[in-house]
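One structure is given here, and the rest of the page talks about it.
The values are calculated or read from the model by the stated rules, or taken from the named source; none is laboratory data. Only a predicted model underlies this, so the values are computations on that prediction, with no experimental measurement involved. For neighbour counting, all protein chains shown are included, and Cβ atoms are generated from backbone atoms with ideal geometry for every residue, glycine included. Protein only, heavy atoms only, side chains kept; ligands, DNA and RNA dropped before computing areas. Shrake-Rupley method; radii C 1.70, N 1.55, O 1.52, S 1.80 Å.
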Amino acid sequence: MTHLQAGLSPETLEKAKVELKENPETLHQDIQEVRDMIITRPDIGFLRTDDAFILRFLRARKFNHFEAFRLLAQYFEYRQQNLDMFKNLKATDPGIKQALKDGFPGVLSNLDRYGRKILVLFAANWDQSRYTFVDILRAILLSLESMIEDPELQVNGFILIIDWSNFTFKQASKLTPSMLRLAIEGLQDSYPARFGGIHFVNQPWYIHALYTVIRPFLKDKTRKRIFMHGNNLNSLHLLIHPEILPSELGGMMPPYDMGTWARALLDHAYDEETDYCPESYTLSVQDLERDLEKNLSPKTMKRSQSVVEPGVLKRPDKVKSEEDNMQPLLSLD
């Protein structure tokens, strides 16, 4: 075991070896091979290239050198292309702070049976008068930056649960295809985190419609790890034991305190009052939407026959049963 693996338990070391093909004898060579590829992308500013940083990208792509480098390049390219999002990416930033205090994201204290950290989002908590969807995305990215420092989570990964209870059609109308695509590009394509599952619970029909819009942007691997549970929390509990879930999700733990993770990041700054006007982001958000809408043409977006038009939510004649909407259960590697 090298010093780069010092933070891993014996069980996680074995998991890294078996599932990720991590070999302590070739670890430094693996890292250097990724680092050597940086010269091929002079258009990107690689602001960090130390061993520990590159290692997390190798783990995220199961030590495929080329795929790890591509993810590393996309990580920095995404930041270059969305500079406004990453200005003052701190928990004390007013917009991020407001989102964090409303539980975007929430982070459960207990890990699941595979050692994965569980993030929870209660969508109805979004106060659109106080912060934007971009602020929520920034808060999630900031939180992941903090958690991914843990080598155990680099190997074991994360689970995301989104509870759509009481999420209104008016709130959903703010989730434009371009904003959702921005989130997909940031989380799926540009971040070295292993997501073992994304679970939707209590989702209304218009969330199904939004999912249909963004589905073409999802990788096949991502699609297979999205589970639509609807009101059937028993199907959620088959994958995540209720013993570690809060009561809102049918679990045995007390109701989730939305400020738990915010207090961990903000510490003494949690109770400080901040004045924030989300209109300060209006221009940059509009610019992001215009740039992204250019890429929403039929040439770049292969739609299935069931896809609804971007930005338009139409109620389906018949909503599928929750059993029909459940994705097949896959191996949780």
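Using the Kirkwood radius over C-alpha pairs as Rh, can you work out the diffusion coefficient of region 63-217 via Stokes-Einstein at 10 °C, viscosity 1.306 mPa s, in µm² per second? My calculation gives 97 µm²/s for D.
Remark: region 118-130, residue by residue, has Karplus-estimated 3J(HN,Hα) of 9, 9, 10, 10, 9, 4, 5, 6, 5, 8, 5, 7, 10 Hz, where x stands for each Gly or Pro and the curve is 6.51 cos²θ - 1.76 cosθ + 1.60 at θ = phi - 60°. Between amide H atoms placed 1.01 Å from N, distances below 5 Å from Asn232 occur with Asn202, all of them 5 or more places distant or on a separate chain. Between amide H atoms placed 1.01 Å from N, distances below 5 Å from Met253 occur with Leu245, Ser247, all of them 5 or more places distant or on a separate chain. For region 72-115, the C-alpha radius of gyration sits at 1.56 times the compact-globule guess of 2.2 N^0.38 Å, with N the residue count. Per-residue 3J(HN,Hα) values for region 256-264, derived from phi via the Karplus relation 6.51 cos²θ - 1.76 cosθ + 1.60 with θ = phi - 60°, read 6, 8, 4, x, 4, 6, 4, 5, 5 Hz in sequence order (x marks Gly and Pro). Net charge of the neighbourhood of Gly7, taken over other residues with C-beta under 14 Å away and scored Lys/Arg +1, Asp/Glu -1, is -3. log10 I(q)/I(0), Debye, Cα-only region 1-82, no solvent, q = 0.22, 0.24, 0.26 Å⁻¹? Each listed q maps to, in turn, -0.99, -1.13, -1.27. For region 151-257, the fraction of C-alpha pairs farther apart than 16 angstrom is 64 percent. Per residue, region 213-277 exposes 55 Å² of accessible surface when a 1.4 Å probe is rolled over the protein heavy atoms with every protein chain present. The calculated Kirkwood hydrodynamic radius for region 48-145 is 15.2 Å, given to one decimal from all distinct C-alpha pairs. Phi angles across region 74-87 convert, under the Karplus curve 6.51 cos²θ - 1.76 cosθ + 1.60 with θ = phi - 60°, into 3J(HN,Hα) values of 5, 4, 7, 5, 4, 5, 5, 7, 10, 4, 4, 5, 9, 6 Hz, Gly and Pro given as x. Modelled spin-label separation between Tyr114 and Trp205, with each label point placed 7 Å from Cα along the Cα-to-Cβ direction: 3.4 nm.
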